[in-house]
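> Here you go, one structure.
The values are calculated or read from the model by the stated rules, or taken from the named source; none is laboratory data. These numbers were taken from a predicted model, which means no experiment stands behind them. Using ideal geometry, Cβ is built from the backbone for each residue, glycine included, and neighbour counts are taken over all protein chains shown.
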Amino acid sequence: MTQKGVVVVAAIGNDGSNGMFTAGSPAVGRGVISVGSVDNWNITGQVANITLPSGAYRSVYVEDSNADKAPFVFESDIPIVAPLDATGSLLGCSEYPTFVNLTGRIALIKRGTCTFTVKVRFAQSAGAIGVLIYNNANGIMNAALDPAVNIPVAMLTADDGAFIINGILQGNGSGIGVVTIKSRKGAVSTFAAFTGGQMSSFSSFGPSPELDIDPVISAPGGSIWSTFPLSMGKYASLSGTSMATPYVSGTVALLKQARPNFSVNDIRKALMTSAKPLKDDNTGKLVHPYSSGSGLVNVYDAIMSRVLISPPTLTINDTNWGPVKDIPQLQSLGSVRWAVRSINVNNTDCTRGMLISLESTAANSISMYSANGTLSLTPRTWPAENTTVATAAAASSSTLPQVFTQTKSQYIPAGQSRNFIVYIVAPYGLQESDRWFYGGFLNFTLKWNQEPAPSGNYVVPYAGFNGNYRALDVMTSSAQSGLPALADANLSIIADSSQLVISKNTTAWLVYSIDVPTRVISATMLDNKNKTRGYLAYGYQEYNIRNLPNSGDSLSGAIITNKIYKDKEATVEIDVPQGKYHARLMALRPLGNPRNTCDYQIWDSPVFSVL
C-alpha cells in the first residue's frame, strides 16, 4: 500500500505487559507509520467514592470495561474485600477456597500473571457482584473481557488499590464491610493523571524482527474521553493504541492538506523528525526508541518544517568490532562495538540558507532479561531506578551509547542538502551477556538566515543490540522452561519418549516457545539414518512473533502423527513407514539466511516409534 502512495497508519498493539518484541502486524510493515500510546494528561471518567472505616473517603476514577452489559454502577455502599486465591495471592489467577464467600461483595484483585477474564471468572464463581482490578504499574487501562463475564468490572490505579488495601487492614481483620464503594450512574469528573505524558504501560514494545524501530511515533491513547454508542452511555474513557492511532491519522490529514506535494515517505519523515522525545522520570534518561519511537507527535512542527531528514531512524542491526580509527578521541577505547551511518539533511526552503548543528542524547538501554538470565516481561532498564550510582545522571559514559561526528555543524544553502557522518559506539561498559538494546536521539538544531535563533529542533532516533544479534537463540532455553519437548495429546510433557508410540489412533505434540521473533521455523520427522522424511503438521511457519505468556499464547507447536507432508504448504500427505524416528525443530536466528543451515538454532527430539 505504501508503495502505491497510500499513507498507512497502524496501531503497534496493546501487549506491553509482555515486554519487548510485542509490536504487531501490520504496524511493523516497511513504510508504515506505527503508533504507540502516551497516557492522557487529564482523565475524564466515572467517579466512585471509597469510604474507609476511619471515616476517610476518596473519590477515584474507574473505567467501565464491560459497560454495555454490566455498567459499574452501585447506588448504595457495597463492601469491598481483597480475597486471597488458593495460592494465597491477590492476583486471583486460581480458584478461591470454599471458605471465601464473595456473595454481595466486590472483589479487589491485582493486575498481572493471568488475563483479566480469568480473574473475573474466578471471582464471579465465588459470588462477587463486581470486581475492581488495580494496576501493577503506573497509570490505568481498560480491561479486555470475554463476553462470558456478566458482572461489572472496573480498573483502578496502583495507588488507589493500595489505598483500599490499607483501609481493609484498618478493620477488624475480617476484611468484610470495613471499606465500601458507591458509584452512581452518570457521575463523571476529570482528574489530573499521575502518568500524563508518559508511555502507556500497555503500549507494545519493538523492535521489529529486523531490529527496525517500532513504533515510529507516539500519541495520546491512554484514558481518552470520547464518543461511545448511545446504548452504552454516549461517552466513555477508553485506552489503547487504537485510540492513539486515529490521532496520528488526523495529524497526517492535516499535514497532507498543508503539504499536498509530500510523498508518503516525506510525510513519514516530517512526522518522525519533528516529534518530541519523552523523558523517563525514573531514570533521568529518554525513553528508549523501541518504546516511544521518535517521541510524541507534534503536528505544528511537522507542518512548519522546512527540512527533510533521511533516514528518519537509524537501525543498527550489525556492528563492527574493533578500534575506531577514523575518530581520534575514540582510538584510546581499544576494541568496541561501533557503527557508522550517514544522515542527509535537505533544506527545502528555496530562499534561505541555514546553519544546522548536531548533538546527541542517550536513552535508556533495555533488556528482555533479568539479572539472573530469566526472561523479564517488564524490560529491565539501564540506568535503573535502583541503580547503585548516586544518580542516574552520574552513570559512567561507558554504560551509555556514544555518538561522534567529524562535523558538528554545517551551513546548507537554500534548496541544497548536506550529509552528516555519525559514529555510534555501543555501551561497552555493559555486559554483552545481559543482552542490552541501546538507543538514543540525534538532535538537530537549525538557525535560518535572518531569523531568530534557534528556529527549529529535529530528531533522528537510533537503536541497536549490544552484542552479536545474529547469534541469539530464538527458542526459549530448555534450562528455564523444559522446552522444546515432546508432549501428549493433552500437551503434558512426556518424560520418557521411548514409551511414545505414534499410530493411527495416537498423536503427540512437539511444543516450543519463542523468545525472539524469527523469519522461519520448521519441524520435520527424521528416520533412524538421520534422513528427513517430511514436515509435521503445522511444521512450517514464517514470520513468527515471540510467544506472549500474559496473553495465553505461551506455547507453539507441531503435531506428530503417522502422516507427514512432503512440502512446506502441507498439500502432499504421505504415510510414515513403521520404525524409529525423531523430530527436528529448526528456528532461523535473527537476520539469518534461510538457505544456510548454520544460521539456524536446531533441536532434535528423543527417539519415538511409529506403527
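> Based on this model, can you work out whether ASP515 counts as of a type in the set (Asp, Glu), over 30 Å from the mean Cα position of the chain (by Cα) and not assigned by TED's automatic domain parsing to the domain that holds VAL216? Even if it seems obvious, please write down each step before you answer.
Numbers: of a type in the set (Asp, Glu): yes; over 30 Å from the mean Cα position of the chain (by Cα): no; not assigned by TED's automatic domain parsing to the domain that holds VAL216: yes.
The answer is no for ASP515.
> Tell me yes or no: at least one residue of the stretch 262-284 is within 18 Å of ASN443 (Cα to Cα), surrounded by 20 or more Cβ atoms within 10 Å (Cβ to Cβ) and at pLDDT below 95.
Within the stretch 262-284, one or more residues are within 18 Å of ASN443 (Cα to Cα), surrounded by 20 or more Cβ atoms within 10 Å (Cβ to Cβ) and at pLDDT below 95.
> As an exercise: evaluate PHE420 against (1) in a strand (DSSP E or B); (2) closer than 14 Å to PHE465 by Cα and give the number of the one condition it does not meet.
Failed condition: (2).
> Oh, and also: Check whether at least one residue in the stretch 331-342 is in a strand (DSSP E or B), modelled with pLDDT of 95 or more, farther than 23 Å from TRP436 by Cβ and touching a strand residue (DSSP E or B) at 6+ places or on another chain (Cβ under 6 Å), and report yes or no.
Yes, there is a match, as at least one residue in the stretch 331-342 is in a strand (DSSP E or B), modelled with pLDDT of 95 or more, farther than 23 Å from TRP436 by Cβ and touching a strand residue (DSSP E or B) at 6+ places or on another chain (Cβ under 6 Å).
Residue-by-condition table, conditions (1) crowded, with 20+ Cβ neighbours inside 10 Å; (2) in contact (Cβ under 8 Å) with a residue 40 or more places away in the chain; (3) in contact with a Leu (Cβ under 9 Å, 6 or more places away or on another chain):
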{"site": "ARG58", "(1), (2), (3)": "no, yes, yes"}
{"site": "PHE74", "(1), (2), (3)": "no, yes, no"}
{"site": "GLY88", "(1), (2), (3)": "no, no, no"}
{"site": "PHE99", "(1), (2), (3)": "no, no, no"}
{"site": "LYS119", "(1), (2), (3)": "yes, no, yes"}
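> Just checking: which of the strands (runs of 3 or more DSSP E) contained wholly in the stretch 28-142 hold 2 or more residues that are closer than 29 Å to SER203 by Cβ?
33-39, 42-51, 57-64, 106-110, 130-134
Let's see how each residue does on (1) of a type outside the set (S, T, N, Q); (2) at pLDDT 80 or above:
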site	(1), (2)
ARG30	yes, yes
GLY36	yes, yes
TRP41	yes, yes
ALA48	yes, yes
PRO53	yes, no
TYR57	yes, no
VAL62	yes, no
SER65	no, no
PHE72	yes, yes
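> Same structure again: Does GLY439 satisfy the criteria of being in contact with an Asp or Glu (Cβ under 9 Å, 6 or more places away or on another chain) and either at pLDDT 90 or above or not assigned by TED's automatic domain parsing to the domain that holds SER292 (or both)?
Here the answer is no, as GLY439 does not meet what is asked.
> Return the residue satisfying two criteria in turn: it lies in the stretch 294-330 and is of a type in the set (S, T, N, Q) and modelled with pLDDT of 90 or more, and of such residues it is nearest to LYS279 (Cα to Cα).
Step by step, filter the stretch 294-330, then rank; the result is SER294.
> Another one. Restricted to the stretch 496-548, and to residues that are of a type in the set (Lys, Arg) and within 20 Å of VAL28 (Cβ to Cβ), which residue is surrounded by the fewest Cβ atoms within 10 Å (Cβ to Cβ)?
Quick first cut of the stretch 496-548, residues of a type in the set (Lys, Arg) only: 504, 519, 529, 531, 533, 546.
Retained after the next criterion (residues that are within 20 Å of VAL28 (Cβ to Cβ)): 519, 546.
Values: ARG519: 20, ARG546: 24.
Top of the filtered list is ARG519.
> Shifting gears a bit: Determine which member of the set ARG533, ARG546, ARG589, ARG584 is in the same structural domain as THR506 (by TED's automatic domain parsing), in contact (Cβ under 8 Å) with a residue 12 or more places away in the chain and in contact with a helix residue (DSSP H, G or I) (Cβ under 7 Å, 6 or more places away or on another chain). Break it down stepwise before answering.
On the way: ARG533 fails: in contact with a helix residue (DSSP H, G or I) (Cβ under 7 Å, 6 or more places away or on another chain); ARG546 fails: in contact with a helix residue (DSSP H, G or I) (Cβ under 7 Å, 6 or more places away or on another chain); ARG584 fails: in contact with a helix residue (DSSP H, G or I) (Cβ under 7 Å, 6 or more places away or on another chain).
Selected residue: ARG589, the only one of ARG533, ARG546, ARG589, ARG584 that is in the same structural domain as THR506 (by TED's automatic domain parsing), in contact (Cβ under 8 Å) with a residue 12 or more places away in the chain and in contact with a helix residue (DSSP H, G or I) (Cβ under 7 Å, 6 or more places away or on another chain).
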